[in-house]
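Novice: Can you keep this structure in mind? I'll have questions shortly.
The values are calculated or read from the model by the stated rules, or taken from the named source; none is laboratory data. It should be emphasised that the depicted structure is a prediction, and the values quoted were computed from it without experimental measurement. Cβ sites come from the backbone with ideal geometry, for glycine too, and all protein chains shown count toward neighbours. Ligands, DNA and RNA are stripped out before the accessible areas are found, and what is left, the full protein with its side chains, is counted by its heavy atoms. Shrake-Rupley method; radii C 1.70, N 1.55, O 1.52, S 1.80 Å.
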Amino acid sequence: MEFVAGPAVHRVLCADCGTPIVPNSANLCVACLRNTVDITEGIPKQAAVSFCRNCERFLSPPTTWTLAKPESSELLSICLRKLKGLNKVRLTEAHFIWTEPHSKRLRVSMTIQKEVLTNTILEQTFEIEYLVQYGQCPDCAKLAAKNTWKALVQVRQKVPHKRTFLYLEQLILKHNAQKDTISIKEVRDGLDFFYSSRSHALKMLAFLESVAPIKSKASEQLLSSDIHSSTANFKYTYSVEIVPICKDDLVCMPLKQARSLSNISPLTICSRVGNSLQLLDPQTLQTCDIPAELYWRNPFDALASVTDLVEFTVLDIEPDRTRQKGKLVMADAQVALAGAFRSNNGITDDNEDRMDFESTGYTNQVFHTRTHLGAILQPGDTALGYFLTNANYNSDNFANLPQSRIPDIILVKKTYPNRRKKSKARNWKLRSIAKEAGEEGETSGARGAIGRMGGRDAKKVEQDYEIFLRDLEEDPELRAGINLYKAPDVAMAAPAPEKKGRKKAQFAMDVDEVEAPVEIIPSSAVGAGDEEEEEEEPDFPEVQLDELLEGFDEMTLGDGGEGEGEHHEEVAH
């Protein structure tokens with residue numbers, strides 16, 4: 001096969017350096033052409049971007065503040081819009097160059113093209129350095145100033161605990177409903193949400209209606225008006241009240257209202273709280289839903305809450321599989337007060353946590369009751385319930401009930417006292433919204449969760465927070481609606497030895513003591529000072545790893561206190 005040579009390539013010498021090059025319109029090599037023509041002329045090599053430290057947003061020219069993560073495409077577009085002269089060249093590639101996060105510098109590498117001479121396109125890569133300047137966006141400026149909000153949502157619940165707002169806080173974080181809030185202030189019976197726009201307040205109001213049974217009332221205040229243009233400036237306030245009934249509360253409805261709800265028994269327990277109340281009759285497994293509108297027509301209060309629950313030991317249980325509804329199974333149970341038949345070997349127990357009825361004949365008495373927990377209770381288990389035989393409620397609805405329809409005991413849920421005694425560290429944590437304390441108290445140095453008034457209020461909220469965490473552990477359906485996050489291994493402090501003192505009366509006054517907080521145990525836990533090592537319950541509902549989320553990128557770690565304070569994150573709004 002004969003070799004055929006290609007066409008000859010004609011070369012000329014560069015007009016500046018004499019290097020042989022392919023002929024072009026400039027008769028210059030690439031190096032000499034770059035020395036002669038600078039296509040980056042007119043493009044600044046240094047610029048500045050404005051960053052708000054409060055809301056962590058960047059200024060997108062001219063007046064828009066945008067939330068952008070480091071080295072994201074949104075932040076890159078903001079940086080490119082800050083440059084002048086890019087409309088005269090062709091941008092082919094741009095990316096960030098890594099810098100130290102604390103350097104307050106952003107470096108961007110850009111590649112541009114431009115036609116310098118006839119049919120001659122020159123490409124050049126260069127770097128631009130941005131200085132991150134701290135500033136304040138208009139929304140944060142309103143937050144720093146006083147009385148600059150335009151809309152206020154006041155959420156209240158007339159109950160002696162904060163567990164509802166602890167759960168509501170997690171729902172708000174899960175759905176990111178606090179993103180438009182300029183300030184959150186805690187007051188005695190609830191929270192105040194401040195907004196710079198009325199539409200944001202209406203959005204929060206719609207969210208609250210979807211997750212809780214509420215009633216709302218709107219009001220407005222005239223700030224200024226212009227008679228020439230017929231315009232006015234208003235402040236809007238929305239008052240929201242949540243139904244004062246929580247999960248596992250004992251409820252006694254008016255007899256007339258109970259008959260209208262499928263003739264359910266007036267004495268029920270609250271099994272679920274969503275945008276409506278779900279009540280359960282543990283004697284018949286009958287349930288009913290009460291919407292918020294129906295409740296507020298004829299409101300009623302709870303007889304007792306979870307703080308009034310008493311521990312009972314299940315002696316025998318006979319489930320009736322023919323009478324069941326979903327996960328609920330009717331059963332006849334024989335129970336006794338926790339530690340009722342425990343021998344003290346002649347030693348007088350002066351446990352101050354004992355109630356008056358524990359020194360009477362009730363401690364050695366066996367009670368027969370009917371319960372809806374036949375599917376999960378076994379002989380030897382411990383359950384929490386309301387001790388109606390020894391109760392005295394100030395309620396006309398309860399007083400009008402026939403004595404034959406009032407059981408001795410109503411069991412509510414199963415508990416795990418042996419697991420609680422071991423004080424194991426939880427492998428999960430919760431997020432919290434950073435708040436300001438209300439006018440009624442000063443902001444404490446604790447976590448940013450509900451209850452930062454200090455004094456007895458802080459101690460009470462710590463107890464409510466522990467009860468809330470236990471409810472999340474023991475109720476998979478409850479924690480399915482919120483986000484749990486993985487926590488590092490935390491070494492729990494050894495439980496403090498229990499003190500014994502003089503026996504306290506049932507209705508004795510509580511006195512503040514300057515002591516380290518101890519674990520909350522029900523008032524009927526008798527024999528808690530035994531040194532015997534008891535086995536842990538095998539059916540304790542552990543929180544599985546697949547239920548936990550990772551990623552604290554958007555979080556600000558708070559200096560939590562001891563105990564569960566180490567498992568809490570603060571999120572600045």
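Novice: Check which residues have an amide H placed less than 5 Å from C14's amide H, if you skip close sequence neighbours.
Specialist: T19, I21
Novice: May I pose another question? At 0.36 nm per residue, minus the direct Cα-Cα distance, what do D320 and Q544 gain on full extension? Give it in nm, one decimal, please.
Specialist: That pair, D320 and Q544, stretches by 77.5 nm at full extension.
Novice: Which entries in K69/K174; K174/K325; K150/K185; K150/K217; K215/K325 show an alpha-carbon gap greater than 26 Å?
Specialist: K174/K325; K215/K325
Novice: Taking K and R as +1 and D and E as -1, what net charge do the other residues with C-beta under 14 Å from the C-beta of Q334 add up to?
Specialist: Net local charge, Q334 excluded: -4.
Novice: If you don't mind, another one. For the stretch 184-199, in order, what is each residue's ³J(HN,Hα) by Karplus, 6.51 cos²θ - 1.76 cosθ + 1.60 with θ = phi - 60°, in whole Hz (x at glycine and Pro)?
Specialist: Each residue's phi maps through the Karplus curve to give 10, 10, 9, 10, 5, 10, x, 9, 10, 10, 9, 9, 8, 9, 5, 5 Hz.
Novice: If one computes the Cα centroid of the stretch 215-260 and of the stretch 142-182, what distance in Å separates the two points?
Specialist: Rounded to whole Å, the Cα centres lie 15 Å apart.
Novice: Counting only protein heavy atoms and a 1.4 Å probe, tell me what percentage of the stretch 145-259's accessible area is made up of carbon and sulfur.
Specialist: Its accessible area is 49 percent carbon and sulfur atoms.
Novice: Give the percent of DSSP beta bridges with both residues in the stretch 26-147 that are antiparallel, rounded to the nearest 5.
Specialist: Numbers: 25 of 32 bridges.
Beta bridges within the stretch 26-147, antiparallel portion: roughly 80 percent.
Novice: Sort I227, I182 by accessible area with a 1.4 Å probe, largest first.
Specialist: Values: I227 145, I182 15 Å².
Solvent-accessible surface, decreasing: I227, I182.
Novice: For the stretch 370-411, with every protein chain kept in place, what is the accessible area per residue (1.4 Å probe, Å²)?
Specialist: On the way: 2090 Å² over 42 residues.
I get 50 Å² per residue for this part.
Novice: Which whole-Hz ³J(HN,Hα) couplings does the stretch 262-277 yield from phi under the Karplus relation 6.51 cos²θ - 1.76 cosθ + 1.60, θ = phi - 60°, glycine and proline marked x?
Specialist: Once rounded to whole Hz, the list reads 6, 6, 6, 5, x, 8, 9, 10, 7, 8, 7, 10, x, 7, 8, 8.
Novice: Using modelled backbone amide H atoms (1.01 Å from N, in-plane), which distant-in-sequence or interchain residues come within less than 5 Å of R431's amide H?
Specialist: E569
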